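Please treat every number below as a calculation from the coordinates, not as lab data. In this text the structure is predicted, and so the values were computed from the model without any measurement. Don't worry about glycine lacking a Cβ; one is built from the backbone with ideal geometry, like all the others, and counts go over all protein chains shown.
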Amino acid sequence: MIDILSKNLPILVVLCPLITSLFVVLIPNIFFSWILTTLSTFLTFLFSILLYQDIQIHSHISYALGKWMPPIGIEYIIDKVAIIPIIIISGISFIATIFAYKIMPEEIEKKSISKVYSLWLLAIAGLLGLVTTGDAFNLFVFLEISSLASVALVAMGAQKDKQALVAAYNYLIIGAVGATLYVIGVGLLYGITGTLNMEDLTNRISDLNNNKALIAGFGFMIIGIMVKAAVFPLHIWLPRAYAYAPSAVSVLLAATATKASLYILARILFSVFENSEKLINNTLLYVILPLSIIAMFAGTIMAIYEKDIKRLLAHSSVAQIGYITLAFAIGTKASIAAGFIHMFNHAIIKGGLFIAITSLGFFIQKRVTINNLSGLGRAMPITFFCFVLCSLSLAGLPLTAGFISKLYLIKATISSDAIWIAILILISSALSVVYLWKMIEVMWMREERKIVIKENPSIYISLIIITFFNVYFGLDASLIVNGSFEAAEKLIGDLK
Amino acid sequence: MITIENFILITILSPLIVCVLTPFISKSTVLRDFLGPIGGVISSWGAFNIMSSALNNQNINLEIVKIAEGISIGFEITPLGAIFGLVASFLWIFAAIYSVGYMRGNKEKNQTRFYAFYAIAVHAALCIAYAGDLLTLFIFYEVLTFSTYPLVTHKQNEMAQKAGRLYMSILVGSSVILLLPAIIWVWVATGSLEMSHNGVLDGKIDVAYAPLLLAMFVFGIGKAALMPIHKWLPAAMVAPTPVSALLHAVAVVKAGVFTMLIVLTNVFGIDFLAKTGASEWLIWLASFTLLATSIIAIYKDDLKARLAYSTISQLSYISLGGALATSMATQGAALHIITHAAGKITLFFVAGALYVGAKITKISDLNGHGKSASLIFLAFFIGSLSIIGVPPMAGSWSKFFLMLGAADSGYEVVIGVFCISTILNAFYLMEIPARAFFFKKEREVSVKIPKLILIPTLITSFLTILLFFFIEPFQNLTSMMVGKI
């Protein structure tokens, strides 16, 4: 039994949420459907931890789906790179599910809750599938599964605010365009190489340098994934989707959705196309680097002028994604590692911030805007305290996880003689203090009305857990730092 | 027998424990209020022992947390750190007693929160003093900034909010944008975050870039308040006076100049600076700040604002001493950390006492109050003399060494700067006791100063005299710092 389990771990991580999503929809009771969802996400998390342990021993696990040997059959690959997004997605979705317990019934009608949980699990399965699969077309399938499920989840927000429908529609259309671009790229590559398996693609591409179809295919794939990863200026679906989705969904999406696509981006850039060095270097230098720098500033400045807090955090996500892609764009081992470190840290930071803001919204029963925040710092000290810690982490202040990512990012840029980029990163992160401080100040300073709020442990427990990680990984970052450096070595090691 | 490692822990952890305990015992106000002084006594007991071990030249390294490969939070004892640690923890005793008198006398709100953050700020300052590497230094530098924000904005009104914004944006902005990359630059150039008493940069960095790197450090260390990044200090004066006294005359600003001196001596190394002349521009900037803020101080009628500008001017003495890059000047700068601290804390104590006792904040309102509050003005007089540099007050030693250092370095103009500034100091500080004792009273206000305020003030003013006679151990430490022993 255990043997079978451990042999099939790569597929179990995906199958567990996928199968439970089919059952959850049959349970009409709110509580039991939540229990089943929690159980499923917990199991998924457990499986990914087991996978992590396996990876420490084997370092590369290849799993042939249905015993059809690659490159013909579909292959699932787990290595030191893929394990990072797997842990992020499964871990955050577990915490987000715990958090959803009280919040979900508040915003969604009773009879549709089990459907929401079903979609919820489906989205998680899709995201996990994205990062485990080693097959370019299978990846497209998972891309669609996760996108469609998330679109439906966002649309569920319409029960509270009709704007959610517009947001979901935007998300659907732009997401579909992205996925289509990606599949066109895959089609072109299949046409010239005759394979869909990613590792096989890598080998066959090496014989085809300067093939025009190859370049076109690469372009389509990259743009398609960049839409999904919300790389500036292809991020326009993101702020609305995060802002109007049901609160628990914003937490899940903000912390996980773009991470999976960012991982795919890294995989395509540094692994699939590792043999087309000139193409990659040009893309990094002339496309991704400038876009990332613009994203860092555009996202931050938009956030500074934004009044709606969820949108503010969404804009800040755009800027943070900018840091990650910037790290990839520099393209050294240290910088790619920094990108992965920040990918992980940003997930726990944004997860924490969204949970905190959602809890505030839950208690004041209003959309959370800057003005609605006044006095909440005193009314909800625990939530406020966690919010401040996560904010400091986002700003990259010492003793928090965010500092570690900034530190390695800056170090990587300075070691590759790009001090001006380091200064730009720091200016942008100093600017991020402005919008964070704006919120903290309102909560701390203003005391216009007396609000009596009793904080509920079932809501703040998940916030405390995620805040704890923000501090813990600021004090002992060796786990994530070593993991990221191994991942970067795996990605780029074969290259240089 | 307690080892020195444990003394470090005792010194830095006792304020932290005070901070953690304060909210839990807030029901009993007596216990809560005197937790601070008790913590101060324990902390400075540790600091004394650390100093004696520093005098014996013991080399102590203590790693607390290993964050990742090559990054850790660790402590070690340097002569300069031993001095700064002792200053911060010892003066905390009196500042904590004083705060009790002040907060009670003023009937301030949220006292529990105040004491908790006060203690954590002291903790951060002590961690800076014993920081073992650049990163630890930076981390606690930021902790200090953030822990003092709730203190600066204690009143939680419009003015406090504005001041808080300025405070945070200058201190956080400068440190994040300039100090952090400067530290990482050193890290990349030398391959480690360690410091050494001869400096680590010699031969590791292109000499042409040295002034640029130094500029990133100098303007990144906003707490040292060199122009043009000095504005946060006058703004921070909206805080209750105990905060201005301990933090904005001792812990925070001294953490700034301490960092500056550490960077000049242990990162660049005075030999490297003297050889390359990388710090020459800093001499002129510090001299300018020194004179300009002294002149501004003359025109300030608000007592705390005048003291704030005087503080900025005195901080520049220290930066200037480091920038002169001779062993005498550096010693003078290091001694000035301790002598100025004792003097300036007394002056702020007096300012707070006058506010509690008679709600006086303006210098022009002081006329004739010398009779009803003679002791407090006597304390002010002694503190002022020390800052001006008149023997037998402690301040005369540091000025003496600074002047010797200026003569050594070949920048004779700087001696002139010191002389002019001394005259200006005398001018703007002496006005206060002069008005109190010799001017005619304009209106009848009774000045009642609580004992809990009066006693610490008298003790710190007495300390400035005491220090004049017992400067030797400190002077030994500073000569160790510049490598003479």
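Of all aspartates and glutamates in the structure, the ones whose alpha carbon falls short of 19 Å from that of residue B:441, not counting any fewer than 8 places away in one chain, are B:301, B:302, B:365, B:431. Report the calculated FRET efficiency for residue B:291 and residue B:30 (r = Cβ-Cβ distance, R0 = 51 Å), to the nearest 0.05. Computed FRET efficiency for residue B:291 and residue B:30: 0.60.
Where the centre of each part is set by its Cα atoms, how far does region B:3-65 sit from region B:286-325, in angstrom? So the separation of the two Cα centres works out to 32 Å.
Based on Cα atoms of region A:280-496, Rg over Rh with Rh as the Kirkwood radius reads 1.02. For the cross-link pairs A:67/A:333; A:454/B:162; B:254/B:304; A:438/B:231; B:109/B:440; B:155/B:362, the ones whose C-alpha atoms lie over 26 Å apart are A:67/A:333; A:454/B:162; B:109/B:440.
Note on region B:69-173: Rg/Rh from C-alpha atoms, Kirkwood Rh, equals 1.03.
A Förster radius of 25 Å combined with the Cβ-Cβ distance from residue A:29 to residue A:456 puts the calculated FRET efficiency at roughly 0.75.
For the pair region B:395-442 / region A:245-260, the C-alpha centres are spaced 62 Å from each other. Considering the zone a paramagnetic label at residue B:430 would reach in this model (a point 7 Å from Cα along the Cα-to-Cβ line), which residues of region B:391-405 have amide N under 19 Å from it? Residues B:391-397, B:399-400 fall inside that zone. Simple spin-label estimate for residue B:400 and residue A:173 gives 8.3 nm between the two label positions (7 Å along the Cα-to-Cβ direction from each Cα).
Based on other C-beta atoms within 10 Å, arrange B:113, B:435 from fewest to most. Mind dumping the intermediate values first?
Working: B:113 15, B:435 19.
Listing B:113, B:435 from fewest to most nearby Cβ atoms yields B:113, B:435.
Here r is the Cβ-Cβ distance between residue A:53 and residue B:470 and R0 is 51 Å; the resulting FRET efficiency, rounded to 0.05, is 0.25. With the largest listed first and rounded to whole Å, the semi-axes of the equivalent ellipsoid of region B:37-124 from the Cα gyration tensor are 30, 18, 8.
For region B:367-458, GluC sites (Glu not before Pro) meeting the loop criterion (DSSP other than H, G, I, E, B) and having at most 14 other Cβ atoms within 10 Å: B:442, B:444. Taking a straight line from the alpha carbon of residue A:366, these aspartates and glutamates sit under 20 Å away, with near neighbours fewer than eight places off in the same chain left out: A:106, A:107, A:109, A:161, A:306, A:308, A:441, A:447, A:448, A:455. Extents of chain B, largest first, come to 68, 53, 44 Å (Cα atoms, principal axes, whole angstrom).
Exposure proxy for A:417, A:161: other Cβ atoms within 10 Å of each Cβ, ordered fewest to most, give A:417, A:161. When the Cα positions of B:198, B:124, B:31 are compared along the charge dipole of chain B, B:31 comes out farthest toward the positive end, with charges on each C-beta of Lys, Arg, Asp and Glu.
Listed values for region B:152-160 are Karplus-derived 3J(HN,Hα) couplings in whole Hz (6.51 cos²θ - 1.76 cosθ + 1.60, θ = phi - 60°), namely 5, 8, 4, 6, 6, 10, 3, 5, 4, and x replaces Gly and Pro.
Sorting B:302, A:200 from the fewest to the most surrounding beta carbons within 10 angstrom yields B:302, A:200.
Helix A:30-58 and the longest principal axis of the Cα set of chain A meet at an angle near 40°. Only helices enter the 222 nm calculation for the protein assembly as shown: every DSSP H run of n ≥ 4 contributes -39,500 (n - 2.57), and dividing by all residues gives -24500 deg cm²/dmol, rounded to 500.
With q set to 0.06 Å⁻¹, the log10 of I(q)/I(0) for the protein assembly as shown, from the Debye formula over equal scatterers at the Cα positions, is -0.48. May I ask you to list the residues of region A:234-258 whose amide nitrogen lies under 17 Å from a point 7 Å from Cα along the Cα→beta-carbon direction of residue A:109? Only A:246 fall inside the zone, counting backbone N under 17 Å.
Pairwise Cα distances in chain A exceed 46 Å in 6 percent of cases. Principal-axis analysis of the Cα atoms of chain A puts helix A:419-445 at an angle of about 20° to the longest axis. Remark: the residue A:3-residue A:333 segment gains 115.2 nm on full extension, using 0.36 nm per residue and subtracting the alpha carbon distance.
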